[in-house]
Every structure is written in structure tokens, then in C-alpha cells.
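The values are calculated or read from the model by the stated rules, or taken from the named source; none is laboratory data. Because the structure is a prediction, the values reported are computed rather than measured. Note: ideal-geometry Cβ built from the backbone for every residue, glycine included; neighbour counts use all protein chains shown. Heavy atoms of the whole protein, side chains included, go into the accessibility calculation; ligands, DNA and RNA do not. Shrake-Rupley method; radii C 1.70, N 1.55, O 1.52, S 1.80 Å.
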Amino acid sequence: MSNYTRIILNRSGKDIGLREDNRGAIFIEPKIYFKNAKIKSIIKTISESNIVKKETVKK
């Protein structure tokens, strides 16, 4: 059984930075995925909201 990686494309046929391997696991290609303006806006919204709380590590 050989290993392979399938590139997942959007409707217009552009590479969106997601990959699928022969086991069906989906992973991110960071150089491509995080260039997407929509992904950047989602990350910005989450970081500016209180959805994810920042913890300070006590030493």
C-alpha cells in the first residue's frame, strides 16, 4: 500500500491548503492555508473576541 496525498480544491479549482492522506486524515498546508483572506478574517475575529481566553502561566 503506497502513501499518497490528495490536494483538496475549492469550487473554482484553486488550492485552499488542505490535504488528505491515504488514511483519510485531513491536514493543513500552512503556507497556503493562512494566506487565504477569509481564514485571516476568521482568525482575527476569534482573537479579538472573548471566545478564546488567553491564560497567563504562573511561575
Against the longest principal axis of the chain, how steep is helix 37-48, in degrees 0 to 90 to the nearest 10, with axes from Cα atoms? 30
Carbon and sulfur: what percent of the chain's accessible surface (1.4 Å probe)? 56
Taking only protein heavy atoms into account and a 1.4 Å probe, give the accessible area per residue of the range 8-57 in Å². 89
Return the FRET efficiency for the residue pair Thr5, Ser47: r is the Cβ-Cβ distance, R0 is 35 Å, and the value is rounded to the nearest 0.05. 0.70
Once the Cα atoms of the chain are picked out, what are the Rg and Dmax in Å? 16.1, 50
Find which of Asn3, Gly13, Ile32 sits farthest along the positive direction of the dipole of the chain, computed with +1 on the beta-carbon of Lys and Arg, -1 on that of Asp and Glu, about the Cα centre. Ile32
